[in-house]
Amino acid sequence: LTRYRELADELAALITHGTLQVGERVPSVRSLVQQYRVSPATAMRAYEILESKDLIEARPRSGYYVSRTAEPAHSRPPSKSTRVEVSDLVFDILEATRVRDVVPLGSAFPSPLLFPWAKLARFLGSSARHMDPWTTVQSLPPGSEELRRQIARRYLLSGASVRTDEVVITSGALEALNLALATVTRPGDVIAIESPTFYACLQAVELAGLKAVEIPTHPGSGVDIGALRDAIAKHNIRACWFMTTFQNPLGATMPEERKKELVALLAKHEIPLIEDDVYAELYFGERPRSAKSFDRKGLVLNCGSFSKCLAPGYRIGWVAAGRFAKDIQRRKIISTLATSVPVQEGIAAMLRHDGLDGHLTDLRQALRDQQQKTLISIKRHFPAGVRVVVPDGGYFLWLELPKSADAMEIYRAALAARISVAPGPMFSARRAFHNCLRINCGHPFTADIDRAIAKLGKICGTAGSTDPPRAS
Ligand SMILES: Cc1ncc(COP(=O)(O)O)c(C=O)c1O
């Protein structure tokens, strides 16, 4: 390839991938010559090629600009219908849910419209304006003292006595979970996980070089303790990673007695429990107690965040780490040093002055209302024989279709119709749950969503299913 063609290709890629956007000025010929060490003739030839492809246009006495007809690659619909691995599938689905005109029934996030952005911005602004510059040093891990105190106080509401110095602030719950996993295991260890489970758990296990034993998890009551007991007898289980409340994807919550039994069983064997508790605040009825609230040995590492209940995108999470707090704090310093200090201070100020409860009451009400409407729509539009698990909180519905249904085929057909869904196999290392779907009901229920559910119901009635309908 000649140098001017190579240069033209590099610049074309910057345009189609959106680094250089429509209407933006591109580097002058002179700066190309200087920065890319090419001759003026090479730079001019490269620009002629881009002009001939309508990617840039010359403006008299002003230089070259990205032309109005240049189409960025990310405005095209996401590619579909290729057979994918589970991890590719996860990334594909995350990608699809970022495209605004895809109905986000497969999304892991609630609608961003349900959060108090203006209020958060006021607290963030005023705390940044009044922040003592020394805070940037003092807020190194474990993190903002005030934020950790506020978080520890909230644990009291669910019957857990958590000391401020047990809480380590992280970048979202996902970092908390990964730090917890790295702290209580070594590569090659065996850990117990739920089946089905949150796909990030599968990815974390893979990343940490661990082996996983999948414990059957029931839509109504969560982890099967008998199966866990058998697994502990058979394998050298070094840790458990469970979502004890509003499990993702099932929505299951372990009853209090079962959580107590779980903590007692693990305490007997000195096995740490990584409790992923990100949906804890999204209950519709009674506030569920966490497994952490029964922990007397400091073996439960309860991971939470504000991502689902207050401030998605702010990336503030934490782990109440019991006896592992010091180790986690050190790992946090080694891996990312600290979490954004002004953001920690902003959320701490909001919790201190405004509390969370007013907003949470509205959020829970909105989620419950959306869940009810989604259920009515599913009942109306889905074929008979579809079983829906209805949790008492959170924003997921787990659908079991007849055994012959193919969730991957449904996923592909739905995406072609600009609807995302989360197919069962993405929640399993063995790609089980081939006939299950997770539906997000975290978005305000609109006619568009109703239409998308109707369409999805139609797809489920045809795609991959040859079973006669069964009663639900
Ligand atoms: C079960 C579960 N745990 C953890 C996370 C990650 O939380 P965060 O966004 O705070 O990192 C999610 C987000 O989808 C989740 O569903």
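A few notes on this one:
- Pairs of Cα atoms nearer than 8 Å and 6+ residues apart set the relative contact order; for the chain it is 18 percent.
- Annotation: the antiparallel percentage among DSSP beta bridges lying fully within the range 69-225 is about 25.
- Here the Kirkwood formula, the inverse mean of 1/r across different C-alpha pairs, assigns the range 228-317 a hydrodynamic radius of 13.9 Å.
- With Cα atoms, 0 to 90° folded angle of helix 256-268 axis to the chain main axis: 90 degrees
- Debye log10 I(q)/I(0) at q = 0.12 Å⁻¹ for the chain, Cα point scatterers: -1.09
- As a calculated quantity, the FRET efficiency between Leu1 and Arg431 at R0 = 60 Å, using C-beta atoms, amounts to about 0.90.
- Applying 1/(1 + (r/R0)^6) with r as the Cβ-Cβ distance of Leu113 and His218 and R0 = 22 angstrom yields a FRET efficiency of 0.10.
- Listed peptides 236-246, 359-369 by packing density, highest first (mean Cβ within 10 Å): 236-246, 359-369
- Magnitude of the charge dipole, the chain, Cβ model with Lys/Arg +1 and Asp/Glu -1, debye to 20: 180 debye
- Where labels lie 7 Å past Cα in the beta-carbon direction, separation of Arg229 and Asp362 in nm: 4.8 nm
- Arg149 versus Ala416: modelled label distance in nm, points set 7 Å from Cα along the beta carbon direction: 6.0 nm
- FRET efficiency, Glu51 to Asp448 (Cβ-Cβ, R0 45 Å, nearest 0.05): 0.65
- Extension gain from Thr69 to Ser335, taking 0.36 nm per residue of separation minus the Cα-Cα distance: 91.4 nm
- Spin-label pair Lys379/Arg25, simplified geometry with 7 Å Cα→Cβ offset, distance in nm: 6.3 nm
- The angle separating the long axis of helix 407-416 from the principal Cα axis of greatest extent in the chain is about 40 degrees.
- Here the extension length gained between Arg129 and Arg59 equals 20.9 nm, from 0.36 nm per residue of separation less the Cα-Cα distance.
- Calculated [θ] (222 nm, deg cm²/dmol) that DSSP helices of n ≥ 4 give over the chain, each run adding -39,500 (n - 2.57): -13000 deg cm²/dmol
- Taking the DSSP beta bridges with both ends in the range 232-329, the antiparallel portion is around 35 percent.
- Beta-bridge orientation, the chain: approximately 60 percent antiparallel, per DSSP, counting only bridges with both partners inside.
Only the coordinates and a few stated rules stand behind these numbers; no lab work does. All values reported here derive from a predicted model rather than from experimental measurement. Using ideal geometry, Cβ is built from the backbone for each residue, glycine included, and neighbour counts are taken over all protein chains shown.
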